[in-house]
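What follows is a single structure, written as structure tokens, with notes after it.
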């Protein structure tokens, strides 16, 4: 039997993360053939996207992460993993067709991937390999808002931690990353997570936390209860016991 292309485990989260939220870590195995069992779970569109990827490592990340996501969602909804259908918003953030009150987000980098689930609001998650070769000085000019520059965050030592926090926040909000990098500022916080500063009252409550991942990686989780769900920021919470299934 072909070895699995991933190992899956739940991650411990900060105590201030809202109930009904969880994050799973995938350790990816780049040294095995693509799993036929995993590929069989994907939609035709997902399989076509895999074929378009030129690097084998990217194919492994795509197949393993999407197959794992489908298995987790199937265990929560009772729908077979290959029968699950997804929709995307205007910025390409996927959601579960039929909703079920269950939000999710994924990210992968290097040998790891993350899957975040939530019944209490929308979530965003991001993981990055710290050894990735980029021009941090040039990227900093693009990523950091004026407030973040004034706060002394523009240093190479914290760039990846800052990047994953900002990307997770924008993913939770369901917004395009490049279009909104200057719209929100992420500042260091205490045990309650990052301090998030913006001038958009329609965004309601946004919270974000660094999360512990192995090795030379940085990762963050973000959560928001959008006003367009018709509830106040204090009443955002799970309506079904799907997470505990």
Among residues of the range 199-229 being modelled with pLDDT of 90 or more and surrounded by fewer than 18 Cβ atoms within 10 Å (Cβ to Cβ), the residue farthest from residue 161 (Cα to Cα) is 214
Within the range 132-153, restricting to residues that are outside any helix (DSSP H, G or I) and out of contact with any strand residue (DSSP E or B) (no Cβ under 9 Å at 6 or more places or on another chain), the one that is nearest to residue 186 (Cα to Cα) is 152
Would you mind telling me which numbered condition in (1) surrounded by 15 or more Cβ atoms within 10 Å (Cβ to Cβ); (2) farther than 19 Å from residue 93 by Cα; (3) at pLDDT below 95 residue 192 fails?
-> (1)
Every listed condition ((1) modelled with pLDDT under 85; (2) assigned to a helix (DSSP H, G or I); (3) within 23 Å of residue 102 (Cβ to Cβ)) holds for residue 241 save (2)
Evaluate the following for residue 232: is it outside any strand (DSSP E or B), within 21 Å of residue 100 (Cα to Cα), over 21 Å from the mean Cα position of the chain (by Cα) and modelled with pLDDT under 95?
-> yes
Subset of the range 147-168 [over 30 Å from residue 76 (Cβ atoms) and free of Cβ contacts under 8 Å to residues at least 24 places away in the same chain] | 149, 150, 152, 154, 155, 156, 157, 158, 159
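Residues checked against (1) assigned to a loop (DSSP other than H, G, I, E, B); (2) over 29 Å from residue 27 (Cα atoms):
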{"position": "174", "(1), (2)": "yes, no"}
{"position": "178", "(1), (2)": "no, no"}
{"position": "196", "(1), (2)": "no, yes"}
{"position": "206", "(1), (2)": "no, no"}
{"position": "212", "(1), (2)": "yes, no"}
{"position": "218", "(1), (2)": "no, no"}
So residue 163 fits all but one of (1) assigned to a helix (DSSP H, G or I); (2) farther than 21 Å from residue 105 by Cβ; what number is the exception?
-> (2)
Would a scan of the range 158-167 turn up a residue that is crowded, with 20+ Cβ neighbours inside 10 Å, in contact with a strand residue (DSSP E or B) (Cβ under 7 Å, 6 or more places away or on another chain) and more than 19 Å from residue 198 (Cα to Cα)?
-> yes
Can you run down the residue pairs with Cβ atoms below 6 Å, 6 or more apart or on separate chains, where the first is in the range 171-200 and free of Cβ contacts under 8 Å to residues at least 40 places away in the same chain and the partner is assigned to a loop (DSSP other than H, G, I, E, B)?
-> 182/145; 186/194; 195/189
Kindly indicate the residue of the range 139-157 that is in contact with a helix residue (DSSP H, G or I) (Cβ under 7 Å, 6 or more places away or on another chain) and surrounded by 16 or more Cβ atoms within 10 Å (Cβ to Cβ) and also modelled with the highest pLDDT among those meeting that condition.
-> 143
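The values are calculated or read from the model by the stated rules, or taken from the named source; none is laboratory data. This is a predicted model, so every value here is computed, not measured. So basically every Cβ, Gly included, is an ideal-geometry build from the backbone, and we count neighbours across all protein chains shown.
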